[in-house]
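Here's the structure we're looking at; comments come further down.
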Amino acid sequence: MALSASMAWEVRNGGASTNSGGFKAGASGTDRTQQDAAYITFTDLVIDAVDNTKVTSAGNPFDSTSPGNTIRVSGGTGFTTGTYEILSVATGVATLDRAVGTTSSTGGTGTLGGGKVRLEDVDSVIVAGNTVWMLGGLTYTRTTTNTLTADGTATAQIRVIGYKSGNRTDVDIDEADMPIITSATNSVALITLNAAPYWSFRNVKFTHTAATRGNGIVNVTAATTNGPMFHNCVFDGCLSALNNGSTSAASMQAVVFSKCAIRNSTSHGVSLDTGDARPSPFIFDGCDISANAGGGIRTTTTFAQSLTVRRCVFRGQTGASGYGIWIGQTTGAQNGMTIDIDSSVFYSNAQSGVRFDCTTSRPATVSITNNIFVSNTAYGVSCATAGIMDSNGARALNNAFYGNGGARQNFVTGGGDVTLTGSPFTNAGSGDFTLNNTTNAGAACRAVGFPTAVGPSGATVGTNYQDIGPLQAQPSAGGGTVAYGFAG
């Protein structure tokens with residue numbers, strides 16, 4: 001046997017690497033991990049004379065509260081060090097998930113309970129399907145990188161969840177209640193995922209404060225073919241929130257950011273470097289990407305994957321590279337790429353809202369639909385070279401423009417585009433990108449999004465009232481009488 005896929009691990013800043021850290025969800029015992037110190041420290045473990053999966057302790061007898069907890073065996077002649085699950089207890093005898101050493105061995109040492117102190121502490125013991133709980137409201141300071149190598153699977157991710165103290169539940173929490181993984185050491189990446197697929201992170205804040213910042217998430221020596229997922233996470237002040245690798249041997253594919261904030265990066269918000277032309281895209285959904293000293297999302301000339309952006313806000317990127325989204329491919333083969341940018345806001349970026357560096361080639365598919373471009377210093381949408389995307393090179397539908405240096409440069413004029421005469425937002429300076437109801441401003445973006453109906457004209461009955469942009473206006477309250485029919 002081995003540790004259960006239902007095992008949950010506790011990480012807390014006051015914990016210890018020597019704690020056992022794990023409890024199986026749904027087990028009959030009592031979870032002893034949600035405390036800083038070990039619940040029990042053993043010095044007298046004894047292995048059964050016949051069955052080497054069974055242990056006892058005279059000083060701290062096992063009881064009905066023990067099953068489901070892990071025990072970390074740290075030493076003792078005849079003992080195999082490692083972390084074991086307590087499956088059951090009968091009259092003080094604990095049965096573990098596998099052999100713990102040589103029969104009749106005595107003097108084993110170890111711990112039961114208490115949380116671990118860092119993610120690396122659980123990397124060597126977690127298995128696919130496990131959950132790692134990180135206590136929120138605490139700062140986890142790193143001087144070296146958390147290197148994670150354990151493998152999840154497509155049906156059993158490894159999940160890291162930040163939780164608010166006293167409320168260990170799998171729900172979104174406010175930024176103030178998140179655990180903070182940070183470093184003040186020059187150039188240190190916070191987390192490296194080397195060939196470690198199917199990890200997900202929820203409710204975790206990543207920050208960096210060194211004079212020379214490091215990346216939030218990166219690969220260094222090995223590729224991750226099914227990359228991490230981030231939900232309700234914050235990246236603040238890193239070099240980049242994520243850098244997917246400078247060589248194909250150390251790249252990441254299939255990375256998802258949903259409902260995340262990516263801000264104040266000293267380089268690009270997210271830097272998408274070399275990939276290996278896999279069809280799986282990078283996906284950004286419902287994210288706020290702001291004030292990065294470069295592109296909010298930047299793809300390099302050698303990036304060969306695809307990019308999907310939905311319902312995001314790109315605001316206030318700064319400097320000579322301050323594009324909302326910067327597609328950096330120029331002449332390389334891009335026939336496997338798709339770029340899909342939908343229902344997003346590009347506001348007050350130092351350069352264009354969306355920029356394509358294409359000169360002699362372009363991605364196979366480019367779709368820019370239902371977006372709002374306001375007060376970008378250069379253009380709403382631009383391409384480096386005429387004739388690449390200003391004829392049949394791209395699809396643009398139902399986008400709105402106001403106050404940019406120019407609406408488009410070398411980019412096709414889309415069907416259903418809206419030219420505004422004022423800002424459409426309630427209060428963009430305060431981060432409120434809901435639509436106002438001003439004529440030729442927010443009101444002009446309401447109920448005019450694509451599609452107006454599903455299918456070709458006349459093929460379906462009904463009308464769509466989708467707004468342009470990520471945030472939909474609340475419909476006015478309806479009235480009238482509802483009639484109910486009854487059979488029988």
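The values are calculated or read from the model by the stated rules, or taken from the named source; none is laboratory data. Keep in mind the model is a prediction, meaning the values are calculated, not measured. Don't worry about glycine lacking a Cβ; one is built from the backbone with ideal geometry, like all the others, and counts go over all protein chains shown.
Of all residues assigned to region 329-346, at least one qualifies as being in the same structural domain as R310 (by TED's automatic domain parsing) and touching a helix residue (DSSP H, G or I) at 6+ places or on another chain (Cβ under 9 Å). Against the conditions (1) over 23 Å from Y140 (Cβ atoms); (2) surrounded by fewer than 22 Cβ atoms within 10 Å (Cβ to Cβ); (3) in contact with a Pro (Cβ under 9 Å, 6 or more places away or on another chain), K24 satisfies every one except (2). Got at least one residue in region 283-298 being within 16 Å of the chain's Cα centre (by Cα), in the same structural domain as H208 (by TED's automatic domain parsing), at pLDDT below 95 and not hydrophobic (A, V, I, L, M, F, W, C)? So far as region 283-298 goes, no, none of its residues is within 16 Å of the chain's Cα centre (by Cα), in the same structural domain as H208 (by TED's automatic domain parsing), at pLDDT below 95 and not hydrophobic (A, V, I, L, M, F, W, C).
Consider T460 carefully, then state whether it is at pLDDT 85 or above and more than 20 Å from S343 (Cα to Cα). Taking the combined requirement at face value, the residue does not satisfy it. Residue check: M229 meets all listed conditions (1) closer than 24 Å to T149 by Cβ; (2) free of Cβ contacts under 8 Å to residues at least 60 places away in the same chain but one, namely (2). With respect to being within 24 Å of the chain's Cα centre (by Cα), not charged (D, E, K, R) and not in a loop (DSSP other than H, G, I, E, B), A176 fits the description. Restricted to region 334-368, and to residues there that are among the β-branched types (V, I, T) and surrounded by fewer than 21 Cβ atoms within 10 Å (Cβ to Cβ), the residue that is modelled with the lowest pLDDT is T360. Does at least one position in region 409-429 carry a residue that is at positive phi and under 31 Å from the mean Cα position of the chain (by Cα)? Checking region 409-429: not a single residue is at positive phi and under 31 Å from the mean Cα position of the chain (by Cα).
Of G78, G110, G92, all but one fail to be surrounded by 18 or more Cβ atoms within 10 Å (Cβ to Cβ) and small (G, A, S); the exception is G110. Residue-level analysis places S321 outside the set of residues that are in a strand (DSSP E or B), free of Cβ contacts under 8 Å to residues at least 60 places away in the same chain and assigned by TED's automatic domain parsing to the domain that holds I388.
List the number of the failed condition for D151; all other conditions in (1) part of a loop (DSSP other than H, G, I, E, B); (2) farther than 27 Å from I71 by Cα hold. Failing condition for D151: (2). Only one entry of A254, A250 meets the criterion of being surrounded by fewer than 24 Cβ atoms within 10 Å (Cβ to Cβ) and closer than 15 Å to T147 by Cα, and that entry is A250.
Only a single criterion out of (1) part of a loop (DSSP other than H, G, I, E, B); (2) without any contact (Cβ under 8 Å) to a residue 40 or more places away in the chain is not satisfied by T207, namely (1).
Of the residues making up region 82-98, those that are in contact with a Lys or Arg (Cβ under 8 Å, 6 or more places away or on another chain) and within 25 Å of A5 (Cβ to Cβ) number 7. Selection of strands (runs of 3 or more DSSP E) fully inside region 330-448 by the criterion of at least 1 residues being more than 19 Å from R315 (Cα to Cα) returns 338-342, 365-369, 379-383, 395-397, 406-409. All conditions but one from (1) more than 19 Å from the chain's Cα centre (by Cα); (2) part of a loop (DSSP other than H, G, I, E, B); (3) closer than 28 Å to A223 by Cβ apply to V122; the one that does not is (2).
Taking the listed residues Q329, Q305, the one that is in contact with a Lys or Arg (Cβ under 7 Å, 6 or more places away or on another chain), crowded, with 18+ Cβ neighbours inside 10 Å and either closer than 15 Å to N243 by Cα or at pLDDT below 95 (or both) is Q305, with no other qualifying.
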